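Okay, so here's the structure we're looking at.
A short reminder: the numbers here are calculations on the coordinates, not readings from a lab. A quick note: this is a predicted structure, and the numbers were derived from the prediction, not measured. Note that each Cβ is placed from the backbone with ideal geometry, even for glycine, and that neighbours are counted across all protein chains shown.
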Amino acid sequence: MTEYEHLLIEQPADGVRRIVLNRPEKRNAISTPMRTEILEALQEHDRDEKVRVTIISGAGQCFSSGYDLTSGGLMENPPIYSAPGDGQWTRQATDSWFSIWDLAKPVIAQIHGYAMAGGTELASACDLVYMADDATIGYPVVRVMSTPDWQFHTPILGLRASMEMMLTGNTYSAEEAVQVGFANRAYPADKLDKEVLAMAETIAKVPSDLQQVNKRSVHRSFEVLGGRTAIRAAQELQALAAYQESVKEARKNPFEAIKKAFD
């Protein structure tokens, strides 16, 4: 198995790999190098006949606090090329997360503590999502800076839940996340590892040549219903947010603005 700078790769059971986001001192904030490594590791697993399913979890106190705004430009050496111009970042982020959908093998997000902003994007791009019952999710950045980079809310969560999340930027409990369809199930925090691994082992019993068809059948149906198009449709709106007067003011001191968003 390849070693990575920002990830730990574990083999908790036959056919199962676990990618651990390993920047606990940064609350697993997703830098461009980390995002690149996540996609590289998943692609490596897709090519490895010994792997049938991958779990993504986080080291330390949480799954992920979101994109790392302190590590330099997020568009420096991105993992996937996108055409320049307004919306370049969101187009690139969207293509990154779609690449997880397009893998042959299933990917599971295991959330403890919290998943915020870009952390919710990573989790929602996975095929299955399981949470600790005391974990939370949210996209507080909508309060001060922009719409999400990966516009998963309405296609996955539906109109009313999405509207509330987008208009408030509030955080939501694991129970609420399950109710609106963000997560599949919530488990007691001390049983999360065991329950997610049990699910992964069940999935790993299905041969990958068949499982890839099972996975694609769900995504293709979602695409027929307009899911992929809906996620793409709002990309440039994220860029448009940057031209709003309140956002221009917030961008003068972005770290203070983000801090305010979490208050």
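Among the candidates A135, A125, which residue alone is of a type in the set (A, V, I, L, M, F, W, C) and out of contact with any Gly (no Cβ under 8 Å at 6 or more places or on another chain)? It would help to see each step written out before you state the result.
Numbers: A135 fails: out of contact with any Gly (no Cβ under 8 Å at 6 or more places or on another chain).
Being of a type in the set (A, V, I, L, M, F, W, C) and out of contact with any Gly (no Cβ under 8 Å at 6 or more places or on another chain) holds for just one of A135, A125, which is A125.
Looking at W101, W89, can you tell me which residue is of a type outside the set (A, V, I, L, M) and closer than 18 Å to I156 by Cα?
On the way: W89 fails: closer than 18 Å to I156 by Cα.
Of the residues listed, the single one that is of a type outside the set (A, V, I, L, M) and closer than 18 Å to I156 by Cα is W101.
Are there any pairs with C-beta distances below 6 angstrom linking a residue in region 14-39 that is closer than 16 Å to I55 by Cβ to a residue that is among the charged types (D, E, K, R), with the two at least 6 apart or on different chains, and if so which?
Note: pairs meeting the criteria are G15/R52; R18/E10.
Condition check ((1) free of Cβ contacts under 8 Å to residues at least 60 places away in the same chain; (2) closer than 15 Å to I156 by Cβ; (3) of a type in the set (A, V, I, L, M, F, W, C); (4) not in a loop (DSSP other than H, G, I, E, B)) across all residues:
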{"site": "K105", "(1), (2), (3), (4)": "no, no, no, no"}
{"site": "T120", "(1), (2), (3), (4)": "no, yes, no, yes"}
{"site": "S124", "(1), (2), (3), (4)": "yes, yes, no, yes"}
{"site": "Y130", "(1), (2), (3), (4)": "no, no, no, yes"}
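What residue, among those in region 122-166 that are more than 18 Å from Y187 (Cα to Cα), aliphatic (A, V, I, L, M) and within 11 Å of the chain's Cα centre (by Cα), is surrounded by the most Cβ atoms within 10 Å (Cβ to Cβ)?
L122
Go through region 175-218 and give me each residue that's buried (at least 16 other Cβ atoms within 10 Å of the Cβ), touching a residue at least 60 places away in the same chain (Cβ under 8 Å), small (G, A, S) and in a helix (DSSP H, G or I).
If the condition is that a residue be buried (at least 16 other Cβ atoms within 10 Å of the Cβ), touching a residue at least 60 places away in the same chain (Cβ under 8 Å), small (G, A, S) and in a helix (DSSP H, G or I), then A200, A204, S208 are the ones that fit.
Determine, yes or no, whether E245 is over 20 Å from the mean Cα position of the chain (by Cα) and of a type in the set (D, E). First the steps, then the outcome.
Details: over 20 Å from the mean Cα position of the chain (by Cα): yes; of a type in the set (D, E): yes.
Yes: the conditions hold for E245.
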